[in-house]
Every structure is written in structure tokens, then in C-alpha cells.
Amino acid sequence: MLSRSNLPERESAGRRERTVRGHVIRGRVVTFFQWVIGLAILGGLGWLVFRSTSGAGYANESIPTASETEVVIFDDLGWEVLTDELSQASRRLIEDVVAGLSSYSVSVERIVLPRGTLREFDLTLHGSPLVWRLSLDRPAEGQVADINHVLGQIVTGELVATEYIDVRTPGRAIYQ
């Protein structure tokens, strides 16, 4: 059996050298990641400070609609989203939904881009506590038609929803 005391001096020196090298490399890797994390935190804080001091989150811009009602888009934290921060396709779809709903005499009160989602948005209609979940990937005409159909069922009392109505899937409405 080999123990530290009966190992040849040569093997012991080589093993010590590999162990020291491993510790040095691990130390450098840890230091590198500490710097990366620290810079990411500072960058995030700088972005928040810059955004709040520059007024970018409070610009009074709205999406123009056919009904000429002012609809402001918000993020999930309640900050206004500048229309140039959205892609042109997303802006156009939201404009089409608002204009399509106005053709049915339905006005939009608020549009929210929820946190953690990329391809959906929520809207609230005037006089209704319900949140309508829509998709940025589905054509506006189909979503507007689904909203109008479900809204008709709510008005007649055929459907009772208390929190939200999801019309992201064509021909279906999921509600709670």
C-alpha cells in the first residue's frame, strides 16, 4: 500500500505541482466570473438609472389608431413603452387590433406587454375589468373577430369570465 511517506519524491512533487496548477486555474476562473457578474450588475444598474433620468420611460407617445383614440402601451411594471422599441410588425398588429375593435364600437383602454413573454400582449377594454390575451403571431382580423364574438356572449350572459380571456388560439377562447 502506498502512503505519502513511502511515495517516491518525484511522484509527490509532480502531484503537488498539478494540484497547485489546478487551484491557480480554478482561482482565475472564479475571479473571471466574479468580474463578469459585477460588470453585468453595474451595467444593469446604469441602464436603469439612465432610463429613469433620461425620461425614456415616460415619453408621451401613443400608437395612432383609426379611431383616433389615444392608446398607450405599457410594460408589466407600468412603464410606457416607446413605439420605436417595438418591431414594426408588432406595432402594425397592435394598430390593426385597436382599429378593428373600434370598427365594432369597442374601445381599448390599456395595452400591456407582459414580462417573460415575447409573442403576446394583453389589452383591457373600456368599462371592463377583464384582461384579453392576444398573440403577436396571429393575424389581427381573426383575433378581433374572436373578441367580438366572445364579447357578444358576455353581454348576453352566455359566458361568465372574471379574470381574463385568452384568444391566442384561432377559434377558441380560454377564460377564467
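The values are calculated or read from the model by the stated rules, or taken from the named source; none is laboratory data. A quick note: this is a predicted structure, and the numbers were derived from the prediction, not measured. Methodologically, a virtual Cβ is constructed for each residue, glycine included, from the backbone with ideal geometry; neighbour enumeration extends over all protein chains shown.
A few points about this structure:
- Qualifying residue in the stretch 127-141 (condition: out of contact with any Lys or Arg (no Cβ under 9 Å at 6 or more places or on another chain) and assigned to a helix (DSSP H, G or I)): yes
- Flag if THR124 is without any contact (Cβ under 8 Å) to a residue 24 or more places away in the chain and in a loop (DSSP other than H, G, I, E, B): no
- Hits in the stretch 103-117 - residues which are among the basic types (Lys, Arg) and assigned to a loop (DSSP other than H, G, I, E, B): ARG115
- One residue stands out in the stretch 136-176 among those that are surrounded by fewer than 18 Cβ atoms within 10 Å (Cβ to Cβ) and among the polar types (S, T, N, Q): the one that is farthest from ILE111 (Cα to Cα), namely THR156.
- Extreme residue, nearest to GLY127 (Cα to Cα), among residues of the stretch 150-176 that are part of a helix (DSSP H, G or I) and under 28 Å from the mean Cα position of the chain (by Cα): LEU151
- Breaking point among (1) at pLDDT below 90; (2) farther than 21 Å from ASP75 by Cα; (3) touching a helix residue (DSSP H, G or I) at 6+ places or on another chain (Cβ under 9 Å), for ILE174: (3)
- Condition met for GLY100 (assigned to a helix (DSSP H, G or I), small (Gly, Ala, Ser), closer than 21 Å to VAL72 by Cα and at pLDDT 90 or above): yes
- Residue selection: VAL112 satisfies the criterion of being at pLDDT 85 or above and surrounded by 11 or more Cβ atoms within 10 Å (Cβ to Cβ).
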